[in-house]
Amino acid sequence: MKKPTARLSGLFITCASLLLACSQTNTPQTSTTVSPATSPSPGASPEASPGSSSNTISIGIGVAQTSNVALLGQEQVAGAKIAEKYFNDKGGVDGTPIKLVFQDTGGDEQGTINAFNTLINQDKVVGIVGPTLSQQAFSADPIADRAKIPVLGPSNTAKGIPQIGDYVGRVSAPVAVVAPNAVKAALKQNPNIKKVAVFFAQNDAFSKSETETFQTTVKDMGLELATVQKFLTTDTDFQSQATNGINVNPDLIIISGLAADGGNLIKQLRELGYKGVIIGGNGLNTSNVFSVCKALCEGVLIAQAYSPEYQNEINKAFRDAYRAQFKKEPPQFSAQAFTGVQVFVESLKEINAKSKVSQQPLAELRTNLNQQLLSGKYDTPLGEISFTPEGEINQKEFYVAQIKMDADGNNGKFEFLK
Ligand code: 1QQ
């Protein structure tokens with residue numbers, strides 16, 4: 001039996017702390033975004049299945065499309081939309097198209113609760129891919145769980161996410177599995193690393209969970225954990241923590257935070273003269289940090305749960321579609337959101353083969369979908385995956401990438417290490 005997890009409170013993240021990056025991400029909502037006021041009712045009645053009258057199957061996408069967290073969430077929107085087109089081009093669910101319904105969670109817990117409630121009660125989706133942060137998931141997932149709607153976390157990597165409830169799973173491998181790979185890669189590149197300074201955002205559930213893994217890994221590998229420095233995801237000035245960190249003379253600095261704060265911390269560490277190795281955690285795993293730390297992002301190591309070079313048919317299709325649209329390699333968060341949609345679509349097909357999806361009352365379909373998805377195997381852009389009975393992802397391949405910036409510091413890329 002799963003145990004309910006206590007709600008965590010956190011701070012609202014505003015664009016004020018990062019005007020530049022926020023203005024880039026606060027793009028107008030796209031055509032598939034349905035605002036609550038205009039949302040059509042997909043079913044003939046609350047009990048009817050979503051396919052019965054509208055002839056589409058609605059899948060909810062509840063991620064951050066605004067706020068600083070959109071630095072991460074916008075990549076999820078891109079991945080989900082590529083999946084929608086890909087699976088509909090292949091006939092959807094045996095001829096019935098899927099329709100993604102987007103509800104913006106913003107960057108905080110209340111926005112996520114509102115978005116999930118709208119997806120569940122108004123949009124009547126069969127399942128939800130979301131939210132962006134573990135911090136948001138610990139607040140909103142219990143609502144979906146109580147309402148018996150399957151949720152797949154596309155990027156919720158903190159310890160304890162699948163244990164929120166029977167209807168909560170994730171396609172994002174946990175920090176305990178992913179993060180240690182970055183420390184191993186740092187030591188492979190720099191065998192002389194001895195002293196480590198660790199930084200983490202103390203108001204974010206993921207950052208707290210990831211730093212625990214990093215700190216344990218450092219000690220297990222016989223390195224010296226010389227200092228642990230705390231900050232907030234809303235911070236922009238890191239002078240005192242950065243100075244404290246540099247004062248212990250570390251060979252390696254490890255940061256668990258989100259993109260805006262983490263990017264600023266990297267920048268300020270370098271500006272204060274730190275020359276050693278830097279590892280960034282999953283919250284920095286986006287090319288959106290490039291505009292924050294610019295040339296000073298150079299060399300940062302980040303563990304990956306996805307590689308664009310993974311060889312299978314669906315990753316080739318996903319990568320080709322992403323590159324055609326964005327002229328760069330697909331990032332992990334896009335691949336994971338694609339995978340979340342894929343798991344729902346393939347599970348709906350399995351259900352449909354036994355008993356027509358369009359004829360199942362919505363509540364029954366949601367429960368069947370939850371059961372079905374936990375028992376399946378999926379060949380995804382992340383590789384072959386399946387789930388434990390609790391909803392934890394079973395995934396085999398992990399990687400580490402290093403940021404390589406162009407000479408002018410305006411653009412860069414993630415180079416995957418061999
Ligand atoms: C989490 C994460 C985020 C940093 C990814 C967007 O891994 O909150 O669990």
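Computed quantities for the displayed model
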| read-out | value |
| --- | --- |
| Count of the stretch 232-246 residues which are buried (at least 17 other Cβ atoms within 10 Å of the Cβ), closer than 17 Å to residue 278 by Cα and not small (Gly, Ala, Ser) | 3 |
| Members of the stretch 126-167 that are of a type in the set (Lys, Arg) and farther than 18 Å from residue 60 by Cα | 159 |
| Filter result (touching a residue at least 12 places away in the same chain (Cβ under 8 Å) and surrounded by fewer than 21 Cβ atoms within 10 Å (Cβ to Cβ)) within the stretch 85-95 | 85, 86, 92, 94 |
| Residue, farthest from residue 66 (Cα to Cα), within the stretch 252-280, restricted to residues that are in contact with a Phe, Trp or Tyr (Cβ under 7 Å, 6 or more places away or on another chain) and among the small types (Gly, Ala, Ser) | 256 |
| When residues of the stretch 215-264 are limited to those that are in a helix (DSSP H, G or I) and closer than 22 Å to residue 136 by Cβ, the one farthest from the chain's Cα centre (by Cα) | 264 |
| Whichever residue in the stretch 68-89 is under 16 Å from the mean Cα position of the chain (by Cα) and among the polar types (S, T, N, Q) and, among such residues, is nearest to the ligand (Cβ to nearest atom) | 76 |
| Residue within the stretch 98-106 that is within 13 Å of the ligand (Cβ to nearest atom), modelled with pLDDT of 95 or more and in contact with a Ser or Thr (Cβ under 6 Å, 6 or more places away or on another chain) present | yes |
| The stretch 128-169, residues that are within 10 Å of the ligand (Cβ to nearest atom) and not in a loop (DSSP other than H, G, I, E, B) | 134, 135, 136, 137, 138, 153 |
| Candidates 199, 206 - the one that is in contact with a Ser or Thr (Cβ under 9 Å, 6 or more places away or on another chain), in contact (Cβ under 8 Å) with a residue 24 or more places away in the chain, more than 28 Å from residue 79 (Cα to Cα) and within 16 Å of the ligand (Cβ to nearest atom) | 199 |
| Selection status of residue 329, touching a Leu at 6+ places or on another chain (Cβ under 8 Å) and either free of Cβ contacts under 8 Å to residues at least 24 places away in the same chain or not basic (Lys, Arg) (or both) | no |
| Any pair with Cβ under 6 angstrom, 6 or more apart, that starts in the stretch 133-146 at a residue that is under 24 Å from residue 368 (Cα atoms) and ends at one that is among the small types (Gly, Ala, Ser) and within 16 Å of the ligand (Cβ to nearest atom) | 137/153; 138/205 |
| Top-ranked residue of the stretch 99-119 - restricted to ones that are among the aliphatic types (A, V, I, L, M) and free of Cβ contacts under 8 Å to residues at least 60 places away in the same chain, ranked as farthest from residue 69 (Cα to Cα) | 119 |
| Qualifying residue in the stretch 148-160 (condition: touching a residue at least 24 places away in the same chain (Cβ under 8 Å), of a type outside the set (Lys, Arg) and surrounded by fewer than 24 Cβ atoms within 10 Å (Cβ to Cβ)) | yes |
| Positions within the stretch 300-346 being among the small types (Gly, Ala, Ser), more than 20 Å from residue 63 (Cβ to Cβ) and assigned to a helix (DSSP H, G or I), in sequence order | 317, 324 |
| Any hit, the stretch 239-254, residues being closer than 29 Å to residue 132 by Cβ, within 16 Å of the ligand (Cβ to nearest atom) and in contact with a Ser or Thr (Cβ under 9 Å, 6 or more places away or on another chain) | yes |
| Residue that is surrounded by the most Cβ atoms within 10 Å (Cβ to Cβ), among those in the stretch 259-285 that are within 16 Å of the ligand (Cβ to nearest atom) and polar (S, T, N, Q) | 282 |
| The stretch 265-284, residues that are in a loop (DSSP other than H, G, I, E, B) and charged (D, E, K, R) | 275 |
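To keep it simple, each residue is scored yes or no on (1) of a type in the set (S, T, N, Q); (2) surrounded by 15 or more Cβ atoms within 10 Å (Cβ to Cβ).
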| site | (1), (2) |
| --- | --- |
| 297 | no, yes |
| 306 | no, yes |
| 315 | yes, yes |
| 320 | no, no |
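The values are calculated or read from the model by the stated rules, or taken from the named source; none is laboratory data. Please read these numbers as outputs of a predicted model, since none were measured by experiment. Don't worry about glycine lacking a Cβ; one is built from the backbone with ideal geometry, like all the others, and counts go over all protein chains shown.
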